[in-house]
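What follows is a short report on a single structure.
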């Protein structure tokens, strides 16, 4: 085998090298200079992200176990970009004295999960897929329990690992059934062998449940709110954007390729999940006062919207999902960035704590407003186009009622997003969060988010590009 | 063709300036915003002049006439194969001419405002709005498709709204800004419907396809009609309504006089030279479509234009607020331009009206901006808008006096100033096609000369008034634009428009029509003479005359009560008999329904909150139950 072919795995290899480099750097830095690792890791990862955008070859490795296409490369680049923003936002938090001895752990664990996600997205068989999935999950439990001395954080870690053990078990059970029914684990071979016999279908349902856990679809979502609340903010943002995005990518890919023969069976299933996910998540989001829990439910609702793109099976569906996740990265990380900045400066984590924020921190408030508007899908920011294309994808398959339900849910979501905006701009507060200056890295990350929210919305070339690579992928 | 890509910067610079001064304007001294804006516009202005010179004299002229060049275009939204929304730049004679007009006037206004707006609260805000307006207006004139034009059309409306209401603490300014916005918005509805009908028939937004000679895209329209009027007439009339709103044609004229509440430089830029000609520009843009597909609509345009020009000229005679006199004069001149398009034919000598209209648009922009800036200079000196607070100012403000006089002579059509040439062409075009409208325009020419010199003599001659302080000449920043525009007003008439801007882009040879020109000059001189007799020295004659006209004078002074009629119709009839029942329905039925939904949502949300118990075993149970439910639903679907 030609070793040159390993260039197809360039994203994975680069990330592995980066993780190892940080580990080595950890060994060679003295106790006093630990925070130097932050700068090193940020620079290194920025480089990795940029290098990832260099166009390269596509093809298969290991007899089809590993597939690299323009679409998967683009997905990996989205994930890298998101992680870069998360890292930039974590910088101020990692510099705090209590985290001094855990800096490299944060980077290595995060990169380890990212490697897992990259493998997962590129998987060509269920084995690589499963290994990627587990690699992407287990270190996150460690991250969730990062503030291990805080009981909430420890609780988040244990809840995550236990629930994901259950979901992985069921998922793996489902995969073994699929193997039993078809006799193969390769996506390409299995696609032709999928039939409507009981074992295949049960295996498929278990697979959907397991993925539903990762994307946090109702009723597999219960862990989300507790873990999001307990975990440190920069871990939460990672979970809600990167982890969810990667899972949504591979879920869409597998449904569109492996299970395309039984599309008429999974469409009603996705339909039901979408309705429940959007509606219940919105109902829960209405009552939250903790901003992290609030964003947790908001992200569950957004996952429900993603299902509309999946149900629009086909090129447009795939395009709309990838486009939406791209938009969602910048939008949600914009909101999380503000939450992290406010938390780092003042410890405030409740929505009522945001009362009067506009008076003291106008720029941050405007940013938050922009992000929330984008989440709610208000034109002309990118969030509107993201939702618009998802809805178009569903409508193109005739799911008008579902689109109507989604629109109603978008309206409800606008209500609770506006609650936060109202708190910042209108509500009176004797002691609002005092004025503070965010760190340089945080400001860079927020500028990236704002730029993303505008540029992706206005530059139609991006959508066209995703469409062209989706077309290539599906044919 | 690729040589024109730099034209993108003509647009981008004002946009960038708007963003910079809008976002960061509070941080530095106000004057910095002014300087950034002026320099930015200076660059745009230079680029526009370069574009115009290379376009008109740089070999863009082929056997087919001037080429329409699209140096830049990108697909913005692609909904289907035919429904594509593009953004781009279209260079053809009228758009290049408009680039020059807009950037010239805007640049002059930028310089002028450095002096005029000095020390005003919101100086930085003023400059950022000016840049926004300039960007929008430029986007409108270079639009290669009607959809982009519509977007910028609305943007122009918004920036006009912002600038009229610049003194937002003054109730009258707020009312005027609302009025302008609502009236034009109302007309824009017609425009939008017109666009929809047009694109439904033709399947395209592109001007290039719409105006292609001998195109077949209108074939499907032949069989369509509504209420006995053909679909194309409907479409074009509706689009013209949009144009009439922006250009303040009768009966949408009511917003323009009130718009004078804005700062005077704004009036010069938006409400005299650029935005208000957008309607004329729109009609010119769609000219071949209107002329060949909807001749009835063209007839309407001619009569609306003619009527507006007469109507406004009569009102202008009786006004005392100098800015309002100028506003009505603008209306009247816009009427001229519309009329000229309305009577024009297509191609060669036939298309004289089209060329005359564009010519007049150009010269009018120069001299009317000059008049407004001059008026601003006067107001700046005496702190009043009213003619009876002014008199004898020629001694104190020599530059303003001379430039204002030049502008007055230009608008009165005295040769060889530019207004004479453009007006003469319009009169010839009207004479060739419609004798009635031609006669009306003769009358208007006399009235114009009369009311302009009434204004001129009352302000600069006559006795000194009791001034707060001795009036003084304005600073250099204000007088330089005046002098520049005065020079432009004098010499713009010598531009060979008949070679450059014509209906078929080919150019033709034209000559003086002495039989029409000489009487028109005499009529103008007669108007000036009348004003000289009545207003050069103060006398009781005008007052007596006003009295003898009695009710007619009062009606004219009150603008024929059009504002009152509109108020009556909206407040008494529409509000009472349409809005109130709808409001009741909205408040009790719709709101009740919505509140009901909201309450139910809240209640359900409260009920189910126990589901999120925090207990892991509970979550695991729900997980398994969910899987089971999926299985059951799958079974159901299989059966």
Three principal axis extents, largest first, for the C-alpha atoms of region B:500-639, in Å?
-> 101, 51, 33
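Before anything else, pin down the relative contact order of chain B: Cα pairs under 8 Å, at least 6 apart, normalised by residue count, whole percent.
With pairs under 8 Å counted, the relative contact order is 12 percent.
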With a ≥ b ≥ c the root eigenvalues of the C-alpha gyration tensor of region A:1-258, is it rounded (a/c under 1.5), prolate (a/b larger than b/c) or oblate?
-> oblate
Return one quarter of the surface area of the convex hull spanned by the alpha-carbon atoms of region A:35-155, equal to its mean projected area, in nm².
-> 8.1
If you count, for each residue, the other Cβ atoms within 10 Å and average over each peptide, how do A:418-428, B:284-294 line up from highest to lowest?
-> B:284-294, A:418-428
extent check for region A:328-387: Cα max minus min per principal axis, descending, whole Å, gives 34, 20, 17
Rounded to 5, percent antiparallel among DSSP beta bridges of chain B = 100
For chain B, longest principal axis from Cα atoms; helix B:30-57 axis from its Cα atoms; angle between them, nearest 10 degrees, is 80
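Taking the inverse of the average 1/r across all pairs of different Cα atoms in region B:558-617, what Kirkwood radius in Å do you get?
One decimal place: 15.8 Å for the Kirkwood radius.
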Computed over region A:1-258: relative contact order in percent, which uses C-alpha pairs under 8 Å that are six or more apart = 19
Semi-axes in Å, largest first, for region B:586-639 (Cα gyration tensor, √(5λ)) are 35, 20, 4
Mean separation of Cα contacts under 8 Å, 6 or more apart, over the residue count of region A:260-475: relative contact order % = 29
Decide, for chain B, between rounded, prolate and oblate: order the square roots of the alpha carbon gyration tensor eigenvalues as a ≥ b ≥ c, take rounded if a/c falls under 1.5, and otherwise choose prolate if a/b is larger than b/c, else oblate.
-> prolate
For region B:404-444 versus region A:419-475, the gap between their alpha-carbon centres in whole angstrom | 57
Net lengthening on full extension, residue B:568/residue B:483 (0.36 nm per residue, minus Cα-Cα) | 26.1 nm
Just counting partner chain Cβ atoms within 10 Å, what average do the residues of peptide A:153-161 show around their Cβ?
-> 1
Inverse of mean 1/r across different Cα pairs in region A:212-269, Kirkwood, Å | 12.7
Ranked by Cβ crowding within 10 angstrom, fewest neighbours first, how are A:217, B:495, B:339 ordered?
-> B:495, A:217, B:339
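Would you list A:324, B:56 from fewest to most Cβ contacts within 10 Å?
Working: A:324 27, B:56 20.
The most exposed by this proxy come first: B:56, A:324.
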Reduced to Cα centres, the span from region A:150-212 to region B:259-319 in Å works out to 70
Per residue Cα convex hull volume in Å³ - calculated over region B:436-504 | 160
Measure out, as a whole number of angstrom, how far apart the alpha-carbon centroids of region A:117-142 and region B:1-78 sit.
-> 52
Diffusion coefficient in µm²/s returned for chain A by Stokes-Einstein, Kirkwood Rh over C-alpha pairs, 10 °C and 1.306 mPa s, is 71
In a solvent-free Debye calculation with one equal scatterer on each Cα, what is log10 I(q)/I(0) for region B:229-343 at q = 0.16, 0.20 Å⁻¹, listed in the order of the q values?
-> -0.66, -0.95
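In what sequence do B:321, B:424, A:101, A:147 fall when counting other Cβ within 10 Å, fewest first? Can you show the working numbers first?
Details: B:321 15, B:424 26, A:101 10, A:147 19.
Fewest to most other Cβ atoms nearby, the residues stand as A:101, B:321, A:147, B:424.
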Can you pull the Kirkwood radius for the protein assembly as shown, inverse mean 1/r over Cα pairs, to one decimal in Å?
-> 33.2
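Can you give the convex hull volume per residue for the Cα atoms of region A:424-475, as a whole number of Å³?
So the per-residue Cα hull volume is 137 Å³.
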In degrees, nearest ten, helix B:352-382 long axis to first principal axis of chain B (Cα) = 80
Equivalent ellipsoid semi-axes - Cα gyration tensor, region B:170-233, angstrom | 35, 15, 7
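Over the whole of A:208-214, what's the average partner chain Cβ count within 10 Å per residue? Rounded to a whole number, please.
So the per-residue partner count for this stretch is 3.
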Classify region B:388-513 as rounded, prolate or oblate, taking a ≥ b ≥ c as the square roots of the eigenvalues of its Cα gyration tensor: rounded when a/c is under 1.5, otherwise prolate if a/b is larger than b/c and oblate if not.
-> oblate
Expressed as a fraction of 2.2 N^0.38 Å, the rule-of-thumb size for a compact globular protein of N residues, what is the C-alpha radius of gyration of region A:260-475?
-> 1.07
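Readers should treat all values here as calculations from the given coordinates under stated rules, not as data from a laboratory. Everything quoted here is computed from the prediction, not taken from an experiment. Note: ideal-geometry Cβ built from the backbone for every residue, glycine included; neighbour counts use all protein chains shown.
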